[in-house]
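Single-structure report; data block below.
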Amino acid sequence: MIVPIRDHNPARSVPFVNYMLLATNIAVFLSYWHLFQNDRALMAFYWDWAVIPARVTELEALHTMVTSMFLHGGFMHLAGNMLFLFVFGDNLEDQLGHFGYLVFYLACGFAAAAAQVFTDPGSMIPMVGASGAIAGVMGGYMLLFPRARIDVFFFFIIFFKIIPIPAWVVLGIWFGLQLFNGLAADPSMGGVAYWAHAGGFMVGVLLMLPVFARLVGPLFWKRAGGHPPNPEARYRVVRSHVPKTRGRPVQTIRSSVPMTRGRPRR
């Protein structure tokens, strides 16, 4: 498992819109968290607010093309999406401005939902998640900052390590996996909306092309070598300057209350 945890590309301005998107996704998820205890109520909620391709194809519930990108299918789904948005969103807001970034994000999310509907128009399986919009953010990021270093957490069974990898490698592998899994997966079985991810990523690249051209296209890469234009963040471990103190050893106190067996009270 490889998870990006931060980039060496500090933003030059406060990403207010990215913070707002993070807060909105979390707040919406918490508002219907209690429904996960009742499958019937949860499915009724998704019927009203999640993208169901068969309904959208019949031009019903078109509002779900927007509302679905603020819903999630569980805590880990939400946590993963918010981590990716936190890592990659601030630099695009730097380049697009606050309002431009919001429009870009919503457009990528809408296009991602449309891609999933197009690939499986008769499906009755609800689709939720900000993944498509965030995939667009990742696509735009890769176009502008292909050589920005991304710290990824690599985990394999019991071995783990944080490794800095160029953005084009991390995001390129991720996009390739979406295409491969999209071709291999059976859409009738539900699961991950791979074509929404791939569609959002490609639309993010396309929408970012005008910004890339405004930055003088290849000269933007040539000038910085594909690296971020901002000073790169550097992280290092240093020795603590907190002075050591000597003191008397501390003894623990063992309770003299006899132990009893039984079920804990809640």
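Every residue, every condition in (1) within 21 Å of the chain's Cα centre (by Cα); (2) open to solvent by 40 Å² or more (accessible area, probe 1.4 Å), yes or no:
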residue	(1), (2)
7	yes, no
20	yes, yes
35	no, no
48	no, yes
52	no, no
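Within segment 59-76, the set of residues being closer than 26 Å to residue 143 by Cβ and either out of contact with any Pro (no Cβ under 9 Å at 6 or more places or on another chain) or not small (Gly, Ala, Ser) (or both) comprises 65, 66, 69, 70.
Entry remark, segment 67-97: residues being exposed (fewer than 15 other Cβ atoms within 10 Å of the Cβ) and within 29 Å of residue 146 (Cα to Cα) number 3 in total. Is it the case, given these coordinates, that residue 29 is within 18 Å of the chain's Cα centre (by Cα), over 22 Å from residue 174 (Cβ atoms) and open to solvent by less than 20 Å² (accessible area, probe 1.4 Å)? Spelling it out, residue 29 is indeed within 18 Å of the chain's Cα centre (by Cα), over 22 Å from residue 174 (Cβ atoms) and open to solvent by less than 20 Å² (accessible area, probe 1.4 Å).
Quick check on residue 106: is it assigned to a helix (DSSP H, G or I) and surrounded by fewer than 19 Cβ atoms within 10 Å (Cβ to Cβ)?
Against the criterion (assigned to a helix (DSSP H, G or I) and surrounded by fewer than 19 Cβ atoms within 10 Å (Cβ to Cβ)), residue 106 qualifies.
Scanning segment 6-24 turns up one or more residues that are hydroxyl-bearing (Ser, Thr, Tyr) and either in contact with a Lys or Arg (Cβ under 6 Å, 6 or more places away or on another chain) or free of Cβ contacts under 8 Å to residues at least 24 places away in the same chain (or both). Among the residues making up segment 109-136, those that are in a helix (DSSP H, G or I) and either more than 18 Å from residue 71 (Cβ to Cβ) or free of Cβ contacts under 8 Å to residues at least 24 places away in the same chain (or both) are 118, 119.
Restricting 193, 185, 213 to those that are modelled with pLDDT of 70 or more and either β-branched (Val, Ile, Thr) or open to solvent by 30 Å² or more (accessible area, probe 1.4 Å) (or both) reduces the list to 213. Any residue in segment 203-214 that is closer than 14 Å to residue 105 by Cβ and part of a helix (DSSP H, G or I) sitting within a Cβ distance under 6 Å of a residue that is open to solvent by less than 70 Å² (accessible area, probe 1.4 Å) and of a type in the set (Lys, Arg)? List the pairs, counting only those 6 or more apart or interchain. No pair meets every condition. Among the conditions (1) open to solvent by less than 20 Å² (accessible area, probe 1.4 Å); (2) within 18 Å of the chain's Cα centre (by Cα), the only one that residue 42 does not satisfy is (2).
The values are calculated or read from the model by the stated rules, or taken from the named source; none is laboratory data. Values in this document were obtained by computation on a predicted structure and should not be read as measured data. Using ideal geometry, Cβ is built from the backbone for each residue, glycine included, and neighbour counts are taken over all protein chains shown. SASA here: full protein model, heavy atoms, side chains in, ligands and nucleic acids out. Shrake-Rupley method; radii C 1.70, N 1.55, O 1.52, S 1.80 Å.
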